[in-house]
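The values are calculated or read from the model by the stated rules, or taken from the named source; none is laboratory data. Quick caveat, the model's predicted, so the values are computed rather than measured. Cβ: placed from backbone, ideal geometry, glycine included. Neighbour counts: every protein chain shown. Side chains included, ligands, DNA and RNA excluded: accessible areas come from the protein's heavy atoms. Shrake-Rupley method; radii C 1.70, N 1.55, O 1.52, S 1.80 Å.
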Amino acid sequence: MEKDVLWTSIISFLRDFVSEIDLFLSVNFRCISSGQTIFFVSIASLCLARTSNESKWHEIGKQSVKMMTKMANEYSDWNFRNKQHLLQALLYYHDCEIILAETSFKASIVSAHEHGFLHEEALACELYGIFLIDTKNIVVGIQQLNLAIHKYMLWGAHNKVCDVKDLIQNTLCQHPTQMRTGVV
């Protein structure tokens, strides 16, 4: 798999997060009570699994999907289902299950939207856009990133708006012959 520059901004964040993930590994997974902690550590782990090919990140990702599925099934479908779908999408993508990944990304976006999690809908749109660009669906990926920008603006996350705009510009520089529809 080609390592795309679009992951660069995520990777820079993840590198700072690695020491916390290593600490997370040393703690029994069942003792972690925060769904948000599991969610963000899992996203970081699955992104690192894609870029580093280190098996420990993939294993954390697999365990995280199981944990989030359990939380959605046993505690609150409303709170955890969109997170479970997003983690599953990232795991499928790592495992080269492209069609299943796309289905899970879309399910995450729909679930976050239906339950009013605007920030998680924006994140799912962003990661889905990056996935689309990585899998050479540039125009639709840019459209998805523009949707993420809109959601981040509604949420008031102005730094994320700038980050995603930079992702779009980097994509256009990498793929100058692509149609420039939907560009910010």
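Key figures
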item	result
Solvent exposure of the range 39-184 as accessible area per residue, Å², 1.4 Å probe	44 Å²
Mean Cα-pair separation over length for the range 99-184, i.e. relative contact order, pairs under 8 Å, 6 or more apart, %	25 percent
Extension gain from L172 to K56, taking 0.36 nm per residue of separation minus the Cα-Cα distance	38.4 nm
Distance in nm between pseudo-label sites at K136 and N73 (7 Å out along the Cβ direction from Cα)	3.7 nm
